[in-house]
C-alpha cells in the first residue's frame, strides 16, 4: 500500500512540477488587417534589481531572434524599434529573480531527502508518508503588447510571459545565459506565430 501511495504521489508531484515550468503558448496577435512590412520590437530598460549584464544578454537575445526570424520569414521582417510607434511589439520587463547560494543549498538538501526519505520509510514499513520538493527557478518576467494601429484598440491586450531556467546546480552566470536562451526561443515563437496569423488574415497563403 505504501509503495502504491508513493508511486502515485510521485507522479502527481512530477506533473505539477512540469506544468509549473511550462509557459503559456499565447501571444498578442494583430487584430487589424493593415499591411505590415516590418514589425518593430521595443525592449524596456532593466527592471529593479536586474543586473546590467542580464539586460545586455536579453538585448543580445532579441538581436539573435530577429536575425534568425528574418532568415526564415516569408511575409514580414522584424527589427529593433525606432521612434515610430506604428507596427510595434513592446516588451516590458516586470520582474527578475536569480537563485542564490542559500536557495541552492536548500534545494540540494531537499533533493537528497526526495530520494533518501521515501526509501528509508519503505524499508521500515512505516504507516505514513511525507513528501515535498523544492526546485527553485530563475526567471525574467515580462509583458508583450502591440501598438494601437495593429492591436486595433486604445487599450492593447497584454500577455505576460516568463523566460526561465531551473536554478539547481547553475551558477549565477549560467542562470543568466539560460534565461537569455529561453528568451530567444520565446521571441522566435512569438514572431513565427505573429507572421502565420498575419498571413492568414490577409490571405497570403492562397
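What's the number of the only condition in (1) in contact with a strand residue (DSSP E or B) (Cβ under 8 Å, 6 or more places away or on another chain); (2) surrounded by fewer than 16 Cβ atoms within 10 Å (Cβ to Cβ); (3) modelled with pLDDT of 85 or more that residue 186 fails to meet?
Among (1) in contact with a strand residue (DSSP E or B) (Cβ under 8 Å, 6 or more places away or on another chain); (2) surrounded by fewer than 16 Cβ atoms within 10 Å (Cβ to Cβ); (3) modelled with pLDDT of 85 or more, residue 186 violates only (2).
Which is within 18 Å of residue 192 (Cα to Cα), touching a strand residue (DSSP E or B) at 6+ places or on another chain (Cβ under 8 Å) and surrounded by fewer than 13 Cβ atoms within 10 Å (Cβ to Cβ), of 37, 82?
Result: 37 is the single residue among 37, 82 that is within 18 Å of residue 192 (Cα to Cα), touching a strand residue (DSSP E or B) at 6+ places or on another chain (Cβ under 8 Å) and surrounded by fewer than 13 Cβ atoms within 10 Å (Cβ to Cβ).
Within the stretch 88-103, does at least one residue satisfy the condition of being modelled with pLDDT of 85 or more and in a loop (DSSP other than H, G, I, E, B)?
The answer is yes; a qualifying residue exists.
Any chance you could count how many residues in the stretch 40-72 are crowded, with 17+ Cβ neighbours inside 10 Å and outside any helix (DSSP H, G or I)?
Residues that pass the stated criteria total 5.
Test residue 153 against the stated conditions and say whether it is over 13 Å from the mean Cα position of the chain (by Cα) and farther than 24 Å from residue 68 by Cβ.
Against the criterion (over 13 Å from the mean Cα position of the chain (by Cα) and farther than 24 Å from residue 68 by Cβ), residue 153 qualifies.
Collect the residues in the stretch 153-184 that are out of contact with any helix residue (DSSP H, G or I) (no Cβ under 8 Å at 6 or more places or on another chain) and without any contact (Cβ under 8 Å) to a residue 40 or more places away in the chain, keeping them in residue-number order.
Residues satisfying the conditions are 155, 171, 173, 174, 182.
The values are calculated or read from the model by the stated rules, or taken from the named source; none is laboratory data. Quick caveat, the model's predicted, so the values are computed rather than measured. Glycine gets a Cβ as well: all are built from the backbone with ideal geometry, and neighbour counts include every protein chain shown.
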